[in-house]
Each structure stands twice: as C-alpha cells, then as structure tokens.
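The next block holds one structure in the form of structure tokens; read it before the comments.
The values are calculated or read from the model by the stated rules, or taken from the named source; none is laboratory data. Nothing here was measured: the structure is a model prediction, and the numbers come from that model. Here the Cβ is made from the backbone with ideal geometry for all residues, glycine too, and neighbour counts use every protein chain on show. Surface areas here come from the heavy atoms of the whole protein model, side chains and all, with no ligands, DNA or RNA. Shrake-Rupley method; radii C 1.70, N 1.55, O 1.52, S 1.80 Å.
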Amino acid sequence: MYGWTGKLLHVDLTSGTCERREIPTEILHAYLGGRGLGVRLMRDYFRLDPFDPQMPLIFAVGPLCGTNSPTAARLACVSRSPLTGTIYDCSAGGRFAWRLKGAGLDVVFVTGKSATPVVLAIDGDRAEILAAGELWGKGVKETVAALKGRGSVTAIGPAGENGVLFANIMMGEGNSIGRGGLGAVMGGKLLKAVTVQGEGVTGVADRERFDAARADVMRLFRASPVIFGELGIAEYGTPALVDLMAQRRMAPTENFKSTFFAQSANYSGPAIRKECGAKKEGCYGCPIQCKKASAKGEPLPEYETVNHFGALNGISDLHAIVRANTLCNELGLDTISAAATLSAFGEARGRFPDPVEVDRLLTDMAFRRGDGELLCQGSRRVAEALGKPGLSMSVKSLELPAYDPRGAYGMALAYVTSNRGGCHLRAYPISHEILRKPVPTDRFSFSGKARIIKIAEDVNAAVDSLVACKFAFFGATLEEYGELLSAVTGVEYGPESLKAIGERIYLTERFYNCANGFSMKDDLLPERFYSEPGSAGEGIEIPPLDRARFQEELQKYYRIRGLSPDGTFDDASLLEKLP
C-alpha cells in the first residue's frame, strides 16, 4: 500500500493497553485521512457525552503526510466538542504529524480514562503509557521541555486538565489544535501529553508523476499574490488581513457592536514586524512559512487573535495582545473563544477588560477560580448566566472569529451551516468575497451563495482529509492536489471524486449532529446582526442583515443539500448506505 500505512493504534487508558489494528482499505479510500477518517471512526460513538470515558479522541494524518507534498505535514484531531456538543475536528501542522506517519500509523485512537495522569509515548513500533504525575499542573512549555527527549510532543496545559470548555491541545512547536475544547476531552482522560518518534518513509507509487504534480503546485503558489505577494501571508502572516478588514469595515469591535477600530494599525502585519522583529516561521516542511515569531522565538499572534484581544475588547496595545497570546498558549486556551468570552463578559458588565485584567482573567479561566469559574464555560453560558443571552456572539456555542457577517453575506450563511459551529474555515467565503480567489463575488449579496457555500464546504472537507493547509488553496486547487494524491497512492482521484468524498464527510457530520438534536433552530446568527448596523465610513455602509433574505437563502441551501426544511434528514438510514 502506498500513501497510507493502514494501521491504527488503539489505546485504552482504562485498561492501560495499546494495540495496533488494521484499517480497512475501502475506508481509507472513501474517507482519505484526517478529518474524514476521524469522522468515520466516530460512527459508533457520536452519541456519547464528550466527557464519557469511552468517547474517543482521535489523531489522524493523511495520505500525503510523510511525502514532500506542500503543506501536508498535518493531522486532524476528532472527537465531540464539550463546548458545542457537535462532532468536532481541528487540524494542526508540524513535525508531530510527520513522525506519527513515520511510526507507521495513520491514526491514534484514544479511549477510556486513566486512574492517574499519564503520557502516551510512541516510538516506532512500540507504544507505552507512562506515569505523568509530576507533569500534571505544569504549563505547556515546561511539559514539552520535559518530554522533548521522546521526540515530538503534543500536550495540554492547566486549562485542559481543569475541563475548560475551550481548552486547546498545543503542539510542541507552537501550533495548536485550537478550537472546540478538545483539550478538555484529553484532560478528562487524564492524558497530559502524547509523544512520538518515527523514522519510517512513506512510499510513493509514481515518483515521476509526483514530482511533476509538486512542481505544478509550487508554481501556482509562487503566482499567488495572497501567498507570496508583496503584502501576502508569507511576508506578514495572517495579520496581513488587519488593514484589509479595517478598509472593508468588517473588523469585529467591542463584542461586534461596531465593525471598525481606529487603532487597528497598531497590530497590523507591518506593525508586528516593526515592533516585534517578526521573522518567518512555519509548519514543518511548509514552503509558505506564514507563522511569525519574535526575535526571541516567541510565537506571535495570528489575525483572529490580534483582532479579538485587540478591537473586540477595545485594546490597542500590541505588546498586551502578544502577551495574552503567549499566556493562552502556555495555559492551553483557545485564543478566539477566550477573547470573545471576555468581550461578552465585558459588555454584560458595562466595562471591557484592560490589558492587566485580561492577564488575570485568562489565568483564572484556566484554573477555574474567581470569575474564571464562570468564564471557563464560554460566552454562551456566561451570557445566559448573567441574564443577557443576546450578548454571546456565537453559533452553536462556538464564538465567531474576526469577520463580521454584516460585511460578507456568504460568511453569514457559512457561519450557520458549519457543522462545528460559528467557524470561518468550513467554507471560507472570505476567499472570494474579500480576497477575490478564485473569482470575486458580491459580498453584499446572497444571490448564489447557497450553492457556493455548499460546494466550498465539500471541497474543504476533502482538503481537511488530505490533510493539507487551506492556505495552499489560495494558489492551487483540488485538481493539482488530486494529481499529487493519485501519484502518491496509485489510486486515481480527481476534483469531482474528491468533492464527492467531501460531501460524504459533510453529510456524515450533519447526520451525527441532527441525531444529537441539532436542526434549523441551531442554524442562527446572534440577533445583533439582524437589528444593528456595522460601522459606516469611506463610502461603505454596513446595514443589518435582511432576515427574510437570509432565511430564504438558508432554505435554498437545505434543498441543495437534500435536507428537509428544518435542516434535518428524511432518510434515517443514511449512514447504512455510506462506506
């Protein structure tokens, strides 16, 4: 077999056993890897409570991982989110994924709950569960340092240990499995970290075809102004978007009360380079290098983080924002949900937190003390507890990222149809509504958006299952990555077959959610977006969304998806018909 190893490491923390098992070839061909494979492996477990000991926590790489396919040294983590209750996946890049493949594994499937804190250590063919009592309570940096002799590390911080509903899982190189609280699922199992060492080589079925496909991808990267342009993400990272979102009047400000923050230039890409001496970093083997680090090697915040610890909380001090980002990484907190929860809390009490208070409240969240006992539950539960449920800017309890939906109507639709909650990455309409890739669309129109969003969701489900970085698709397309995949695996894939796989994955996720009670009643934006305008200026008006037009397009989306008018499935036997 080329591309895949066909092997899954089944870890039962209750019994303390590790066992290698075979993955059926037809499942690998039908779901690829990463998100798709993890979602398929959840079929017998998706109804369990996220903190049920038997709830799996799945780490899955893709068939391109282990080759020098651009941006493919990544993995997906899949489980059920304690924050949203939805099926959930989140991906991260880095050497950990590469080494996992090198250990001969496509998947690590962790179930059960240990009686005491442990570390799962994988070294080639061997896997063992080690006592980790001395690491429990430690921050991420100290944990990674203590385990670095065992290869690559992924670990939780105090937030994951204490069940914070938006705790993340940090990769040792500074990336994070950031959203949805999967760190809390890991902490609930008393699993502090996973280490992996592996040096196996991923076989390539057709080397000449692979080299040609890779050259095509790299040529498209170089031709993309978003990737390698003068103001592209390779130069400034995702904070390159700060100035663009300000110009478009869609930068969420003070809990989405407005959409323009006059001091946002303080934390733009050029400002970060000037003030922090930002240098290029990136995931292992990635040619784009969109990550940025300070001269001292400290990971610097990305666009979502600078906006949410900046404009969303009314803070203009770049160094305070960098400090909040560093603190979240050390404690194991999702920066988007943490900052958005603080913002909702700030509006509810009539005062947004200042930088000093932000530091204290983040620490209190992670250790669940003082105000942190409430804040650790995320903005929806905080707003409800304070008697102001309308102040949670979330969809399905997932806090919205830094694109105001009043300024991009495809984004508005995509937030509600996302299977994991208010996420910008499931369809990423910013690509065509703002970045004009592959072709521009009218950001203030719903026309055609239902079909565009559906197609984009299917494409991105395939991308997440390859597992490749979405930024690669600012240049390349499924056509080039399908060619790479065919060359690596020896199995023919093209854009249409990959989109069909993506659709299968999306429908499986939606089916799981509907079986757990989700329906059209959950496909809602916060009321603010229908009743309050954004910030007008420079000839741009940001009116409230037209609710009737929004609902009309949502119903179109359901019809295109083959769903009922309430967004559910008429066919209860859907899963039985899927591989």
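Could you tally the net charge around Lys388, taking each other residue with its Cβ under 10 Å from the Cβ of Lys388, Lys/Arg +1 and Asp/Glu -1?
Values: positive: Arg349; negative: Glu347, Glu384.
Value of the local net charge: -1.
With viscosity set to 0.890 mPa s and temperature to 25 °C, compute the Stokes-Einstein D of the stretch 539-579, Rh being the Kirkwood radius across alpha carbon pairs; µm²/s, no decimals.
Calculated translational D: 195 µm²/s.
Percent of accessible area on the stretch 422-533 owned by carbon and sulfur, 1.4 Å probe?
Details: 2050 of 3620 Å².
Carbon and sulfur atoms account for 57 percent of the accessible area of the stretch 422-533.
With a 1.4 Å probe and every protein chain kept in, tell me what percent of the accessible surface of the stretch 86-143 is carbon plus sulfur. Intermediate results must be reported in sequence, preceding the final value.
Working: 940 of 2010 Å².
In the stretch 86-143, the share of accessible area belonging to carbon and sulfur is 47 percent.
Which of rounded, prolate, oblate describes the stretch 49-135, given a ≥ b ≥ c as roots of the alpha-carbon gyration tensor eigenvalues and a/c under 1.5 marking rounded, otherwise prolate only if a/b is larger than b/c? Could the numbers behind the result be given before it?
Values: a/c = 2.35, a/b = 1.25, b/c = 1.88.
Oblate.
Ignoring ligands, DNA and RNA, what percent of the accessible area of the stretch 243-317 is carbon or sulfur (1.4 Å)? If you can, show how the numbers build up before the last one.
On the way: 1350 of 2830 Å².
Answer for the stretch 243-317: carbon and sulfur cover 48 percent of the accessible area.
Within the stretch 183-211, whose backbone N sits under 12 Å from a point 7 Å along Cα→Cβ of Leu130?
193-197, by backbone N distance to the label point.
Solvent-accessible area per residue for the stretch 231-297 at a 1.4 Å probe radius, Å²? Intermediate values should be presented prior to the final figure.
Details: 2740 Å² over 67 residues.
With all protein chains present, the stretch 231-297 gives 41 Å² per residue.
What is the local net charge at Val110, summed over the other residues whose Cβ is closer than 11 Å to its Cβ (Lys, Arg +1; Asp, Glu -1)? Don't skip to the end; give the middle numbers.
Values: positive: Lys113, Lys189; negative: Asp12.
Cβ neighbours under 11 Å give a net charge of +1.
For the stretch 360-456, what is the accessible area per residue in Å² when the probe is 1.4 Å? Walk me through the numbers before you get to the answer.
Numbers: 2950 Å² over 97 residues.
Result: 30 Å² of accessible area for each residue.
R0 = 51 Å: FRET efficiency of Glu492 with Lys141, Cβ-based, nearest 0.05? Before the final figure, lay out each step's value.
Values: r = 45 Å, r/R0 = 0.89.
After rounding, the FRET efficiency stands at 0.65.
Along the Cα→Cβ direction, 7 angstrom out, place labels at Glu298 and Phe444. What is the inter-label distance in nm?
4.1
Relative to the present Cα-Cα distance, how much length would full extension add between Leu524 and Arg369 at 0.36 nm per residue of separation? It would help to have the intermediate numbers written out before the result.
On the way: separation 155, 0.36 × 155 = 55.80 nm, distance 3.19 nm.
The Leu524-Arg369 span can extend by a further 52.6 nm.
Taking amide H atoms as placed 1.01 Å from N in the peptide plane, list the residues 5 or more away in sequence, or in a different chain, whose amide H sits under 5 Å from that of Cys65.
When sequence neighbours closer than 5 places are left aside, the close amide H contacts are Val467.
Could you give the length gained by full extension between Lys437 and Asp354, i.e. 0.36 nm per residue of separation minus their alpha carbon distance, to one decimal place?
Gain in length upon complete extension: 26.1 nm.
As a test question: what accessible area, to the nearest 10 Å², does Asp123 have when a 1.4 Å probe is rolled over all protein chains in place?
70
Run through all the Cα pairs of the stretch 239-295 and give the fraction in each 10 Å bin from 0, expressed as whole percent.
Spelled out per bin, shortest first, that is 23, 40, 29, 8, 0.
When we measure straight from the Cα of Lys189, which lysines land under 18 angstrom away, once same-chain ones fewer than 8 places off are left out?
The qualifying lysines are Lys113, Lys138.
Any cysteines in the chain with zero other Cys Cβ atoms under 4.7 Å from their Cβ? List them, or say none.
Those would be Cys18, Cys65, Cys77, Cys90, Cys276, Cys290, Cys328, Cys376, Cys423, Cys469, Cys514, since no other cysteine Cβ in the chain comes under 4.7 Å of theirs.
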